[in-house]
Every structure is written in structure tokens, then in C-alpha cells.
Amino acid sequence: MGSPPRLVEVRKNVLKQNDVTARALREQFHSAGVFVVSLVSSPGSGKTMFLEKTLTLLHRNFGVAALVGDLATENDAVRLARSQAPVKQITTGTLCHLEAAMVQRALEGWDLNHLDFLFIENVGNLVCPSSYDLGEDLRLVLISVTEGEDKPLKYPTIFNSADVAVVTKTDLAEAVEFDWHAMDGNIQAVRPGMQVLKVSAKTGEGLAEYLGFLAARLDASRAKTAV
Ligand SMILES: Nc1nc2c(ncn2[C@@H]2O[C@H](COP(=O)(O)OP(=O)(O)OP(=O)(O)O)[C@@H](O)[C@H]2O)c(=O)[nH]1
Ligand SMILES: [Mg+2]
């Protein structure tokens, strides 16, 4: 009885410091004219495969680069680098999310002025990344058809911290008897009005629409900055 809630205090301070760093990053990104997209999801939802396809397709017409977070290994950076885009792995050791300071450190020495898009793949986790602003313009939450339609209801925080939901691995939907109606309903229940994209990185289904969406967001962001 009576001992102060120290853990809560420390957590609040960490989050506050993260917000300060994220704000500085966002200003840096905007002055360089780079549009930053982060990807969050549970492990294995298809972030890296989706991002490798994205980088490969965008690389033809845009300056693109990526950071990718995992507790350990350079595996995802090696996969993403096949796109020919500059890529850096961030290993977090024991942390289940990226923090703004890690992004800031990873970008040291990079000239952002040559970039149109910077992508940040977060550590695979449906809980931890929710509270950490990385200075991104757009946060995508991925959910694969094999994970079950109830995930938005069980993990509402991540859907509330994201801007757009991306349902991945649509090529497997029929095999797992995926219920699109239930998924749409569950996303809208936790986040009314949320935009939902549907993609298969394997077959390419939905990628053209997604790339058009990104290009439009880049244009809108630059038009806003120019005003
Ligand atoms: N059928 C199918 N498989 C996919 C698709 N996208 C990814 N996969 C497979 O799903 C598995 C996980 O994909 P990753 O891209 O590594 O997933 P991730 O979200 O980056 O995983 P972590 O970084 O570990 O969180 C791999 O075996 C991929 O080949 C897809 O669109 N269709
Ligand atoms: Mg990955």
C-alpha cells in the first residue's frame, strides 16, 4: 500500500520522449518531401513480401527506401534489398516494437531529399507498436485472411492507431473459407469508416489499386506542404 506507481511513470516518460522524437522526424520528413508509410501486423501476415513487391514496382518511377524492424536477424532486409532499393535492418533485441529514436539512428547518413517514399516495416506484433509514433504519414495495419476474421475485435488498439487496413494473402481466401463480410463488419465495428484494401503479394491482385492510392497520398501531402 502507498508505494508510488513507478512503472507507469517510466512508461509515460518513454512515450513522451518518443512523441518528441517522432515530431522532429515528421518535420524532417516533410521538409525533405518524403512520404513515410509504416506497416504493422502480427508476425507472418505478409509485411515483407508485400513491401518487397511495393518497392520493386515503385522503384521504376519513384525514389524509395525501407527500414525493417525485427528482434533478430537481417533476413527481412536481405529479402527487401532484392528490390534494389536502399534498405536497413533495425534489430531490437528484446523489444516488440520500433521506437522513433531507432528510426532516427537508422537514418543517420541517409539523404532523404532523393526519396519520394520511405517505408518502415515494424516488428511483427499486434499490440506493442500501437503506442509508438514513428513520425510516419500513413500507418497500414495488415491482416492476412489466414488469421481469422475476429482479429480487429480482439486487437482494436492497433486498428485505431492505423489509418488504413490491408487484408493480405487474398489468394488463400477460398482455401480457408474466409468470410469477407465478417471481416469488413469487424473492421468497421472497431473503426467506423476505415478504408480497407485487399491484396495478394503472391498473385499481384489489388497491387495496382494500392500503388495508385500511395501516389495520390504523396501528391496530396506535397500539395499540402506547398500551401
Ligand atoms: N499465399 C500467399 N502467401 C504469402 C503472401 N504474402 C506472404 N506470404 C507468405 O507468408 C509468409 C510470411 O510472409 P512475410 O512477408 O515474411 O511476413 P511478415 O509479416 O513480414 O513476417 P514478420 O516480419 O516475421 O512479422 C511467407 O511464407 C510468405 O511467403 C501472399 O500474398 N500469398
Ligand atoms: Mg517481415
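Amide H contacts of residue 121: 39, 67, 68, 69, each under 5 Å away and 5 or more positions distant or on a separate chain (H built 1.01 Å from N in the peptide plane; Pro and chain starts excluded).
Among the DSSP beta bridges whose two residues both lie in the chain, what percent are antiparallel, rounded to the nearest 5? The answer is about 0 percent antiparallel. When the Cα positions of 167, 117, 77 are compared along the charge dipole of the stretch 74-184, 77 comes out farthest toward the positive end, with charges on each C-beta of Lys, Arg, Asp and Glu. A simple charge model with +1 on the Cβ of Lys and Arg, -1 on the Cβ of Asp and Glu and nothing else charged puts the dipole of the chain at about 500 debye relative to its Cα centre.
Each label was represented as a point 7 Å from its Cα along the Cα-to-Cβ direction; for residue 209 and residue 223 these points are 2.2 nm apart. Largest mean-square fluctuation among 141, 123, 20, in a Gaussian network model of the chain whose springs join Cα atoms under 10 Å apart, belongs to 20.
Loop-located GluC sites (Glu not before Pro) in the stretch 36-141 (DSSP state not H, G, I, E or B) with no more than 12 neighbouring Cβ atoms inside 10 Å: 108.
Here the 3J(HN,Hα) profile of the stretch 64-70, calculated from phi with Karplus coefficients 6.51, -1.76 and 1.60 at θ = phi - 60°, is 10, 8, 8, 10, 9, x, 8 Hz, Gly and Pro shown as x.
For the stretch 90-227, a Kirkwood radius taken over Cα pairs fed into Stokes-Einstein (10 °C, viscosity 1.306 mPa s) yields D = 95 µm²/s.
Taking the average, over residues, of other Cβ atoms within 10 Å as the packing measure, peptides 190-197, 84-91 rank 84-91, 190-197 from highest down. For the stretch 1-51, the pair-distance distribution built from all alpha carbon pairs, in bins 10 Å wide starting at 0, is 19, 25, 33, 17, 6, 1 percent.
The numbers here are math on the coordinates, done by the rules we state, and not lab data. Since this is a predicted model, take the numbers as computed values, not measurements. Glycine gets a Cβ as well: all are built from the backbone with ideal geometry, and neighbour counts include every protein chain shown.
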